[in-house]
Amino acid sequence: MTGPICVLGIETSCDETAAAVLRRVPDGTVAILAETVRSQIDEHAPYGGVVPEIAARAHADIADTIVAKTLEESGLELADLDAIAATSGPGLIGGVMVGMMTGKAMALAADKPFIPINHLEGHALSPRLADPCPFPYLLLLVSGGHCQFISVSGLGDYERLGSTIDDAAGEAFDKLAKTLGIGFPGGPAVERLASTGDAKRFALPRPLLNRPGLDMSFAGLKTAAARVVEAETPDVQGQADLCASFQAAIADCLAEKTRRALIKFQDGRSGDTRLVVAGGVAANQAIRSALNGVAEAAGASLIAPPLRHCTDNAAMIALAGAERLAAGSVDEAGLTFAARPRWPLDEARAQTDPTYGGGKRGAKA
Ligand code: KG4
Ligand code: ZN
């Protein structure tokens, strides 16, 4: 498609109900006409984590209202849109289905193309909402649901270089916060306490750091921290020291694996290297500065999208739809797409590499 493209995006794969309308012009410049993100934090906070059934019901309660409000704020009518894009996996399947079916119904009613979007592709393209950020770049996606390195060579051309084999880093922060009873989401609470703590007080493990490769693991670290809580019942200072030690361990793991990922990414390439970091954990200042150091040492520039586009949002889903439409890579059969709880971004490799898609390694893929 040539000329400006207007797309409505819908995101409901975890605990944010989000909608956005954007206009993308052929030189890649993007104008976000309206966007809404409604977080379900209050609904999940009593449980210390996201409860899938509560998430699905909350999305179902509000998705239509959020979409209608966002479209109205954009100043466009349904008829003005070129397409409707919705996250169709991977994620909590009840929520994914709510957003996808909302998008499909609107597309069918307005006779517009429906574009099913892989949530991970949305994150992968998110830096291009605010910045030209030309391909290729290395993405570290580090959130509550994902922790992986993706080499982004072009639209639809992604290679996962490594990933957590168990918990995502954000999930580990959330679990430590739950053990300490300091709130949900855990990352910001742990970071706050860590600021008054001694990171050297507890010697916590750095899982997989002494093994080659780019895979990561955080489950053992989480267990080690839980043992400290069990054995010492730490007072406020002890809790701060534990949070600081825990945050330092995660920062060390992410920094060292990022150093290796940059070497692998740069191998055989010339020109500028861009390292993009996205996902809620990217908000953590200690982790940010560790990654900055690694990027600088490798001669790479660190790009972090603004926080509202680092965490789950619908603008990145609308952008993925607009880029696909502009490139002519939209499947006619969008309306028949079945929601996918698992949907590896690097599908070709997932099909040929038995260790990639299933079992332990598939958990966060
Ligand atoms: O990207 P996001 O909003 O949602 C998904 O998980 O998809 O990320 C949320 C995660 C939570 O696990 C939260 O604890 C973590 O990001 N997080 C942080 C910080 N802010 C959010 N982790 C560490 N430090 C933070 N400041
Ligand atoms: Zn996400």
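Kindly establish whether Glu171 is surrounded by fewer than 22 Cβ atoms within 10 Å (Cβ to Cβ), assigned to a helix (DSSP H, G or I) and within 20 Å of the chain's Cα centre (by Cα).
Working: surrounded by fewer than 22 Cβ atoms within 10 Å (Cβ to Cβ): no; assigned to a helix (DSSP H, G or I): yes; within 20 Å of the chain's Cα centre (by Cα): yes.
No: the conditions fail for Glu171.
Comparison of Ala203, Ala219, Ala189, Ala177 shows that the only residue that is out of contact with any Lys or Arg (no Cβ under 7 Å at 6 or more places or on another chain), open to solvent by 40 Å² or more (accessible area, probe 1.4 Å) and either more than 16 Å from ligand 1 (Cβ to nearest atom) or not assigned by TED's automatic domain parsing to the domain that holds Glu347 (or both) is Ala203. Considered as a group, the residues in segment 5-33 that are under 14 Å from Gly75 (Cβ atoms) and open to solvent by 10 Å² or more (accessible area, probe 1.4 Å) include one that is nearest to ligand 1 (Cβ to nearest atom), and that residue is Ile32. When segment 130-183 is filtered for residues that are more than 14 Å from ligand 2 (Cβ to nearest atom), among the hydrophobic types (A, V, I, L, M, F, W, C) and more than 18 Å from Trp343 (Cα to Cα), the ones remaining, listed by number, are Ala130, Cys133, Phe135, Leu138, Ala172, Phe173, Leu176, Ala177, Leu180, Ile182. Residues in segment 223-234 that are open to solvent by 50 Å² or more (accessible area, probe 1.4 Å) and at pLDDT 95 or above: Thr223, Arg227, Glu230, Ala231.
If you go through segment 277-323 and pick out every residue that is away from ligand 2 (no atom under 14 Å from the Cβ), touching a strand residue (DSSP E or B) at 6+ places or on another chain (Cβ under 6 Å) and part of a loop (DSSP other than H, G, I, E, B), you end up with 1. In segment 235-280, the residue that is farthest from Ala219 (Cα to Cα) out of those that are touching a helix residue (DSSP H, G or I) at 6+ places or on another chain (Cβ under 6 Å) and modelled with pLDDT under 95 is Ala278.
When you check Leu176 against the structure, is it part of a strand (DSSP E or B) and either touching a His at 6+ places or on another chain (Cβ under 9 Å) or at pLDDT 95 or above (or both), yes or no? Don't jump to the end; show me each part of the working.
On the way: part of a strand (DSSP E or B): no; either touching a His at 6+ places or on another chain (Cβ under 9 Å) or at pLDDT 95 or above (or both): yes.
Considered against the rule, which asks whether it is part of a strand (DSSP E or B) and either touching a His at 6+ places or on another chain (Cβ under 9 Å) or at pLDDT 95 or above (or both), Leu176 comes out as no.
The condition (being open to solvent by less than 30 Å² (accessible area, probe 1.4 Å) and at pLDDT 95 or above) is satisfied by just one residue among Ala350, Ala315: Ala315. Tallying residues that are outside any loop (DSSP other than H, G, I, E, B) and either of a type in the set (S, T, N, Q) or in contact (Cβ under 8 Å) with a residue 24 or more places away in the chain (or both) within segment 221-235 yields 7.
Here is a yes/no grid of residues against (1) under 22 Å from Leu302 (Cα atoms); (2) in contact (Cβ under 8 Å) with a residue 40 or more places away in the chain:
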position: Gly91; (1), (2): no, yes
position: Phe135; (1), (2): yes, no
position: Ile150; (1), (2): yes, yes
position: Ser163; (1), (2): yes, yes
position: Lys178; (1), (2): no, yes
position: Asp198; (1), (2): no, yes
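The values are calculated or read from the model by the stated rules, or taken from the named source; none is laboratory data. Quick caveat: nothing in here was measured; it's all calculated off a predicted structure. Neighbour counts are summed over all protein chains in view; Cβ atoms, including those assigned to glycine, are modelled from backbone coordinates with ideal geometry. Please note that ligands, DNA and RNA were not included when accessible areas were found on the heavy atoms of the full protein model with its side chains. Shrake-Rupley method; radii C 1.70, N 1.55, O 1.52, S 1.80 Å.
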